[in-house]
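Laboratory data are not the source of any read-out in this text; all were calculated from the coordinates shown. Because the structure is a prediction, the values reported are computed rather than measured. Positions of Cβ are backbone-derived with ideal geometry, glycine not excepted, and every protein chain shown enters the neighbour counts.
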Amino acid sequence: MNGSILGALLVVALLAAYLVWKTRTGRKRAAMRTDPESIPAAAPQELTGEPAATPEQSPVRDDAGVSSPLAEAAMPPLEVESGGKPALADELTAPPQPEIDEGEPTPVAAPIVPEQEEMQLAAESTEAVVAQAAVDEEPAEQPAGEAIVAEEPSTATIQATSDAPTIRLSLDAYASRMNGLEDRQRTLLTQAIADRDEELRDRLQRELVVMNDRLALIADSHAEEVACLQRVLDTLLQLRRESGTQPALEGAVADLCGGNAEPAAACLAEWGGQPPAMAGKIAFCRGQLAECRVDLQQALDQYRQAVALEPDDWCGLQAAGRVARTLYNYKEAIPWLESLVRLARKSSADDPLALALAQRELAYTHVLAGQHQKAGPLYKESMTALARKLGQDHHELATCWFQIGELQETLGEYDKAVSLYRKALAIVEKQKGAEHPALAAILDKLAALCTELEMETEAVSLYERLVRIQEKTLRPNHLQLAISLNNLGESYRLVGRYGEAESCYQKILAIHEATYGPDHPSVAAVLQELAKLHGNLRHPEEARQYQQRAAAIFQKSVEAQQKKGSEESLTLEL
């Protein structure tokens with residue numbers, strides 16, 4: 001009897017153990033199974049190498065950060081199939097086949113050229129690895145919308161105290177200064193164009209892009225500037241401790257605390273390389289101040305000196321690489337960012353996020369330089385670490401998808417680019433809200449591509465959101481707002497919403513008249529668009545009036561150019 005009872009208990013115990021094992025196995029396999037609707041395209045790997053692109057050839061514009069804003073600024077759900085092995089499919093966004101053997105590729109659905117096949121295999125591999133990383137490890141808690149800043153702590157960092165001097169720069173004061181810088185930049189750019197100084201024109205245009213990006217994300221750029229000025233302030237305080245109190249130094253400290261950086265820049269220039277132990281830090285701070293006033297060439301010169309003096313300084317390498325990239329100087333940017341990645345690898349066990357962000361910086365620079373083959377493995381490793389530590393819906397992953405979307409667009413893979421931009425958009429919307437300024441760059445890219453692909457209805461909706469955001473963040477007469485209004489007006493026209501298109505062009509006309517004056521050719525161009533719209537609306541009289549006014553402005557402009565040409569010819573003859 002006792003033996004029967006023991007035998008029954010043993011059977012029950014074995015059955016219970018089997019059920020527990022079965023349940024855990026089923027849950028694990030369900031958690032790792034791919035959701036076909038959530039498979040994003042991913043970073044290219046093993047891409048065919050191309051020569052470095054020149055500034056004129058470079059098809060993808062760096063946003064100077066986003067990361068980035070995107071930022072740096074200046075950006076989708078990641079899944080893998082059972083077993084955690086990457087599947088190879090014909091389309092970047094196609095769902096992988098379930099239950100494939102290890103190492104066995106899924107055959108492509110249609111013949112493709114070798115370069116396209118290599119790109120697709122690389123992208124699928126990246127997607128699967130990143131997804132597996134997200135499954136394998138729970139992401140560390142990170143407040144939504146909080147930027148990850150990879151910065152190596154310096155041994156010379158000033159220990160903050162409750163009574164230590166700090167930067168007091170209000171958001172309004174910063175915005176006013178940036179608007180003033182932008183107005184001055186546009187004046188200089190107009191003069192450079194008139195003088196046909198192409199080198200100066202190109203530099204001013206790149207700097208103007210940086211200014212517009214900062215104005216679009218004014219709160220974020222204000223925080224970055226305050227942090228930058230605080231680093232300079234810490235350096236001035238260190239100089240004071242090591243060299244004693246001096247009137248010029250004291251005045252620079254006081255002014256910098258109030259947000260005025262000019263005396264600090266002059267003071268650091270006078271110190272130069274003294275004391276020798278701080279020469280690298282002084283050069284770096286001078287570069288930071290030049291970057292704050294968007295004098296990128298001066299910033300690059302100072303960063304170049306700082307890196308030469310301190311080749312293992314994390315902040316110097318990162319700043320030098322970013323500015324060189326913004327100036328299309330990939331020849332210097334790539335080695336600096338490669339050094340940054342090597343430096344990050346040494347401490348990757350302690351700070352894997354720092355390595356991931358450094359790899360993304362280098363990958364994006366390779367993309368801009370046209371070196372796609374080198375970008376793929378870097379994106380793959382970077383996105384794996386970011387997904388593992390931050391989760392699939394963190395805005396740092398959105399930045400990756402946005403950058404890879406730019407690459408796909410450059411390569412002519414428009415449908416894939418649209419998919420990636422949508423993934424980036426969904427993440428930023430989830431993290432920051434539907435009307436956050438950080439969405440502007442993605443909305444602009446996605447709307448333009450939708451227009452190109454004849455998806456006009458979606459383009460209208462995207463451009464409407466973009467204009468609403470810019471109307472809240474930019475000045476009413478900002479030219480970037482006029483550009484977005486022009487794109488929205490054209491989208492309205494394509495879908496036959498002529499009345500709303502006219503409203504857009506009237507706003508553009510007001511901006512151009514306020515900026516350039518009533519007789520500028522850009523005003524005439526808007527008048528011509530209004531004439532076309534009224535022709536579509538069967539308003540012949542209004543169309544004729546707009547066209548006559550435009551013709552008169554163009555005629556006056558041509559006469560002015562002819563007169564200027566005659567005067568220049570006369571001067572040369574004399």
The stretch 166-217 and the stretch 313-388: distance between their alpha carbon centers, rounded to Å: 27 Å
Difference of contour (0.36 nm per residue) and Cα-Cα distance, R196 to D415: 74.9 nm
Please give the contour-minus-distance gain from A227 to R342: 0.36 nm per residue of separation, less the Cα-Cα distance, rounded to one decimal in nm. 38.8 nm
Assign one of three labels to the stretch 251-327, namely rounded, prolate or oblate, based on the Cα gyration tensor with a ≥ b ≥ c the square roots of its eigenvalues; rounded applies when a/c is under 1.5, prolate when it is not and a/b is larger than b/c, and oblate otherwise. oblate
Checked the stretch 329-457 against the a/c 1.5 cut and the a/b vs b/c comparison, axes a ≥ b ≥ c from its Cα gyration tensor; verdict oblate
Under 13 Å from the A308 label point (7 Å along Cα→beta-carbon), backbone N, the stretch 261-281: 273, 280
Karplus couplings for the stretch 407-421 from phi (6.51 cos²θ - 1.76 cosθ + 1.60, θ = phi - 60°), rounded to Hz, Gly and Pro as x? 4, 4, 5, 4, 7, x, 8, 5, 4, 5, 4, 4, 4, 5, 4
Could you sort out which of K445/K556; K346/K374; K423/K472 sit more than 29 Å apart by Cα distance in this structure? K445/K556
Report the percentage of all Cα-Cα pairs in the stretch 176-330 whose separation exceeds 28 Å, rounded to a whole percent. 23 percent
In nm, the gap between the two label points placed 7 Å beyond Cα toward Cβ at A510 and R184 is 3.0 nm
Grab the beta carbon distance between V495 and Q545, set R0 = 30 Å, and tell me the FRET efficiency rounded to 0.05. 0.70
Could you give the C-alpha radius of gyration of the stretch 382-468 expressed as a fraction of 2.2 N^0.38 Å, taking N as the number of residues it contains? 1.07
When only Cα pairs under 8 Å and 6 or more residues apart are kept, what is the percent relative contact order across the stretch 203-357? 15 percent
Here the stretch 338-350 yields Karplus 3J(HN,Hα) values (6.51, -1.76, 1.60; θ = phi - 60°; whole Hz; Gly and Pro given as x) of 5, 5, 4, 5, 4, 5, 5, 4, 5, 10, 5, 5, 7
Quick check: from the Cα gyration tensor, does the stretch 468-571 come out rounded (a/c under 1.5), prolate or oblate? oblate
